[in-house]
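Note sheet for the following structure.
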Amino acid sequence: MRVHRATYALAAALCLLAAACGNGHPAGENDGGVIAPSDGATGDGPATTSDGATLEDAGDAGSTVIPPGSMVTGRVVDTKGSAQGQVTVEIGGVLAVTDAAGGFSLPAPASTPFSIKLSGKFSTGGFMQTIQTVGMLFTAVDRLDPTLMLPLAASTPTNANPVSGTITGTLAGLGKPMDATSTVVISPLGSVGNASVGTYSLVQRWLKADAADTSRTVAVSALFWKGFGASQSFLAYGKSADVVITAGQTTPGVTITTATPTIVQIPGTVAASASLQTVSVSATIALGNATFAAGARGVTLAGPTAFSLPVPLMDGAQYDVLLQSNVAARTTSLLLRRITPGTDLGAQTLSDPPALIEPANASTVPVAGTLLRVQDPESRARVFSIVSADATLFVLTADKEIAIPDFSMLGIAAPSSGTKVDWSVKRYTVATPAEAVGPLGYAGDRSDRAAIQPGETYAEARSETFSFFVQ
């Protein structure tokens with residue numbers, strides 16, 4: 001079965017605090033904007049054409065004359081930075097289709113800033129197969145070598161073939177303590193399973209890089225604990241020697257000897273506004289490609305408040321630490337990615353999440369031109385999500401107020417009278433460093449936190465969801 005659904009995103013090139021509407025750098029360079037240099041471009045110095053000519057100031061604020069005959073030569077990627085081929089790119093009504101490397105080249109307009117529109121299709125696969133049309137409109141583009149994000153599903157290499165192998169074995173030493181919860185992990189590939197009293201069995205799947213990629217060298221780790229959250233205690237841990245797993249075969253007799261684990265602390269301090277009274281602090285163990293929960297603490301705030309999170313010391317493991325607080329249906333969080341054991345997190349601050357102001361919840365309004373307004377203490381990138389029964393529109397902007405564009409200009413039929421439309425706002429802040437998540441300095445949909453790089457700190461805040469009905 002196939003379900004056809006259209007998803008479009010309208011993205012304004014951001015003018016953030018670092019830019020102060022004119023920091024001497026192109027939008028997107030070290031300022032969290034959505035336009036970034038293509039590979040090898042530094043973005044330093046004056047803007048240039050694709051042949052190296054310098055763009056001249058047109059005299060108007062923010063406007064630059066582009067020499068005649070110049071080309072816009074850029075690249076289209078997905079949220080993980082993978083090239084997106086077969087994407088239609090439009091500048092000034094002229095179209096091009098990206099090649100396998102995501103590249104395109106089109107005649108440049110007379111001056112910057114200018115707009116670029118992207119559109120493409122992809123299939124989600126599975127039984128309920130969804131064919132999605134995804135579009136994105138970038139306005140105020142001010143460089144001729146942009147890297148543009150189109151939120152398609154991540155690409156799978158064309159020569160990738162799924163294969164799997166099985167590992168079985170026994171537990172020795174402490175084995176599995178009575179009534180303990182277990183996690184057994186194949187690293188670095190990431191298969192996660194459970195152990196019985198004395199044995200375990202895991203199937204590991206991987207994508208072949210080529211025809212010869214029929215085996216991998218792995219190790220198997222086991223962790224046992226009781227309780228959850230603040231009451232969680234770690235009882236036993238062990239790791240096998242390295243073994244070879246082969247596609248289509250079973251590797252038997254791999255022993256894991258467990259012992260009492262060493263517990264290390266991850267300390268820090270958290271502060272927040274008066275509206276945020278409590279903060280949940282939790283850790284996730286990252287072992288190879290696998291992640292699993294490792295305990296949590298609740299912190300009641302009284303000004304800056306210290307906390308310490310105990311985690312088990314595991315060979316090769318790092319830890320993701322999440323600080324999160326809620327205000328009614330709004331959420332604000334801070335993710336510290338791939339922390340090494342014993343690291344002091346230092347002083348961290350949570351800011352208030354955005355709050356929806358207008359239109360009022362359950363009101364009846366026209367669609368095109370309707371203002372969506374949010375109250376937000378941060379001057380950062382935010383995404384307005386506008387969702388009807390058959391279309392989704394994303395508006396990426398630094399503004400706290402947007403007018404809903406006419407759906408028809410994006411190739412989507414306007415919702416009919418009486419249609420319910422939901423809308424919400426997410427604020428994204430990549431703080432360490434601002435440009436490091438993906439090639440754009442824009443984190444995209446953070447449901448895939450694995451895209452955040454080790455050592456980064458990532459803040460996200462979500463508003464409540466309001467609804468309105470089309471007039």
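The values are calculated or read from the model by the stated rules, or taken from the named source; none is laboratory data. No experiment lies behind these values; they were computed from the predicted model shown. Don't worry about glycine lacking a Cβ; one is built from the backbone with ideal geometry, like all the others, and counts go over all protein chains shown.
Before we move on, is LEU345 assigned to a loop (DSSP other than H, G, I, E, B) and touching a residue at least 12 places away in the same chain (Cβ under 8 Å)?
Values: assigned to a loop (DSSP other than H, G, I, E, B): yes; touching a residue at least 12 places away in the same chain (Cβ under 8 Å): yes.
When the stated conditions are applied, LEU345 passes them.
Filter the stretch 326-354 for residues that are over 17 Å from PRO304 (Cβ atoms), surrounded by fewer than 19 Cβ atoms within 10 Å (Cβ to Cβ) and either over 21 Å from the mean Cα position of the chain (by Cα) or not aliphatic (A, V, I, L, M) (or both) and give the result.
Residues satisfying the conditions are ASN326, VAL327, ALA328, ALA329, THR331, ARG338, THR340, PRO341, GLY342, THR343.
Each row is one residue, and each column tells you yes or no for (1) out of contact with any Lys or Arg (no Cβ under 6 Å at 6 or more places or on another chain); (2) at pLDDT 65 or above; (3) not polar (S, T, N, Q).
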site	(1), (2), (3)
THR130	no, no, no
PRO146	yes, yes, yes
LEU152	yes, no, yes
SER155	yes, no, no
THR158	yes, no, no
ASN161	no, yes, no
ILE167	yes, yes, yes
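Taking only the stretch 328-342 into account, find how many residues are in a loop (DSSP other than H, G, I, E, B), hydroxyl-bearing (Ser, Thr, Tyr) and at pLDDT 90 or above.
0
Name the residues in the stretch 372-395 that are of a type in the set (S, T, N, Q), assigned to a loop (DSSP other than H, G, I, E, B) and farther than 20 Å from THR419 by Cα, would you? It would help to see each step written out before you state the result.
Quick first cut of the stretch 372-395, residues of a type in the set (S, T, N, Q) only: 375, 379, 385, 388, 392.
Pick out the ones that are also assigned to a loop (DSSP other than H, G, I, E, B) and you get 379, 388.
Within the stretch 372-395, just SER379 meets the criteria.
Every residue, every condition in (1) buried (at least 18 other Cβ atoms within 10 Å of the Cβ); (2) of a type in the set (A, V, I, L, M); (3) closer than 18 Å to VAL264 by Cα, yes or no:
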| position | (1), (2), (3) |
| --- | --- |
| SER191 | yes, no, no |
| SER196 | no, no, no |
| THR199 | no, no, no |
| LYS208 | no, no, no |
| ASP213 | no, no, no |
| TRP225 | yes, no, yes |
| ALA230 | no, yes, yes |
| SER233 | no, no, yes |
| GLY238 | yes, no, yes |
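Starting from the stretch 229-254, take each residue that is free of Cβ contacts under 8 Å to residues at least 60 places away in the same chain and list its partners that are of a type in the set (Lys, Arg), counting only C-beta distances under 8 angstrom and pairs at least six apart or across chains.
Hits for this filter: SER233/LYS226; VAL244/ARG216.
How do the pairs read when you match residues in the stretch 255-278 that are at pLDDT 95 or above with residues anywhere that are among the polar types (S, T, N, Q), using Cβ under 6 Å and keeping only pairs 6 or more apart or on different chains?
THR255/THR170; ILE256/SER240
Identify the residue in the stretch 180-196 that is part of a loop (DSSP other than H, G, I, E, B) and under 13 Å from LEU223 (Cα atoms) and, among all such residues, is modelled with the lowest pLDDT.
It comes out as SER196.
Yes/no per residue for (1) in a strand (DSSP E or B); (2) of a type outside the set (Gly, Ala, Ser); (3) at pLDDT 85 or above:
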site	(1), (2), (3)
VAL89	yes, yes, yes
LEU95	yes, yes, yes
ALA100	no, no, yes
GLY120	yes, no, no
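Does the stretch 356-375 hold any residues that are surrounded by 17 or more Cβ atoms within 10 Å (Cβ to Cβ) and touching a residue at least 60 places away in the same chain (Cβ under 8 Å), and which are they?
Matches in the stretch 356-375: LEU356, PRO359, VAL365, VAL367, THR370, VAL374.
Of all residues in the stretch 376-398 being surrounded by fewer than 17 Cβ atoms within 10 Å (Cβ to Cβ) and over 19 Å from ASN361 (Cβ atoms), which is modelled with the lowest pLDDT?
ASP390
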